1. Take the residues in region 1-33 that are under 10 Å from the mean Cα position of the chain (by Cα) and in a strand (DSSP E or B); name whichever of them is farthest from residue 92 (Cα to Cα).
2. All but one of (1) surrounded by 14 or more Cβ atoms within 10 Å (Cβ to Cβ); (2) at pLDDT below 90 hold for residue 94; which doesn't?
3. Would you call residue 87 buried (at least 17 other Cβ atoms within 10 Å of the Cβ), farther than 17 Å from residue 186 by Cα and at pLDDT below 90?
4. Condition (residue is more than 11 Å from residue 10 (Cβ to Cβ), buried (at least 18 other Cβ atoms within 10 Å of the Cβ), modelled with pLDDT under 90 and under 17 Å from the mean Cα position of the chain (by Cα)) applied to region 122-133: is it met by at least one residue?
5. For residue 152, are the conditions met, namely being in contact with a strand residue (DSSP E or B) (Cβ under 9 Å, 6 or more places away or on another chain), over 26 Å from residue 34 (Cβ atoms) and modelled with pLDDT under 90?
6. Going by the conditions given, is residue 72 crowded, with 22+ Cβ neighbours inside 10 Å and closer than 26 Å to residue 182 by Cα?
7. Any idea how many residues of region 171-181 are closer than 20 Å to residue 133 by Cβ and either surrounded by 16 or more Cβ atoms within 10 Å (Cβ to Cβ) or in contact with a helix residue (DSSP H, G or I) (Cβ under 8 Å, 6 or more places away or on another chain) (or both)?
């Protein structure tokens, strides 16, 4: 699926851990890095843009895509489908862009079953109190929804050990530096550099 010089990264975290903000800033800071835009059947929230935040689709279309095996991973969460399209990821990788998938641990497990060359990163909050504070700070959900999301977050956080890297998002700048450090380190592995700079290496060693 992917170009030899492109890498797929999975970034997972519970709601309120700050995953989206970290990924968004990393994409602004680093060249040739894109986030895969997921499909979902949930309605768009205020300020969300089609094709930027999500590909919003109806349930029938989503289920048709499932039957056609057009998702790397998908799940039903709180009554709505979410999924990562094979086509959108393939296009980025073919263009030589590293791709970040923002998905939960269950989605990450599905992707790892289909693809071997995937780097997974898990982000945790510094405390449960901070997690709840961040969820309340969004001002989007009722107390009942926040309680449910907190319970779901506890379940999800137990899966941190499945990832290759673990980042604690206590200080945003430090967490961002760690996230970017993982990405940059994988860009200079011997295998990737040998492919990217094959001509240079040949001229230097022959």
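The values are calculated or read from the model by the stated rules, or taken from the named source; none is laboratory data. Since the structure is predicted, the reported quantities are computational estimates derived from the model, not experimental observations. Glycine also receives a Cβ, built like all others from the backbone with ideal geometry; neighbour counts cover every protein chain displayed.
1. By that ranking, first place goes to 12.
2. (1)
3. Against the criterion (buried (at least 17 other Cβ atoms within 10 Å of the Cβ), farther than 17 Å from residue 186 by Cα and at pLDDT below 90), residue 87 does not qualify.
4. The answer is no, given that none of the residues of region 122-133 is more than 11 Å from residue 10 (Cβ to Cβ), buried (at least 18 other Cβ atoms within 10 Å of the Cβ), modelled with pLDDT under 90 and under 17 Å from the mean Cα position of the chain (by Cα).
5. Spelling it out, residue 152 is indeed in contact with a strand residue (DSSP E or B) (Cβ under 9 Å, 6 or more places away or on another chain), over 26 Å from residue 34 (Cβ atoms) and modelled with pLDDT under 90.
6. yes
7. Counting residues in region 171-181 that are closer than 20 Å to residue 133 by Cβ and either surrounded by 16 or more Cβ atoms within 10 Å (Cβ to Cβ) or in contact with a helix residue (DSSP H, G or I) (Cβ under 8 Å, 6 or more places away or on another chain) (or both) gives 3.
Conditions (1) buried (at least 19 other Cβ atoms within 10 Å of the Cβ); (2) in contact with a helix residue (DSSP H, G or I) (Cβ under 7 Å, 6 or more places away or on another chain); (3) free of Cβ contacts under 8 Å to residues at least 40 places away in the same chain, marked per residue:
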{"position": "7", "(1), (2), (3)": "yes, yes, no"}
{"position": "19", "(1), (2), (3)": "yes, no, no"}
{"position": "24", "(1), (2), (3)": "no, no, yes"}
{"position": "27", "(1), (2), (3)": "no, no, no"}
{"position": "48", "(1), (2), (3)": "no, no, yes"}
{"position": "51", "(1), (2), (3)": "no, no, yes"}
{"position": "60", "(1), (2), (3)": "no, no, yes"}
{"position": "67", "(1), (2), (3)": "no, no, yes"}
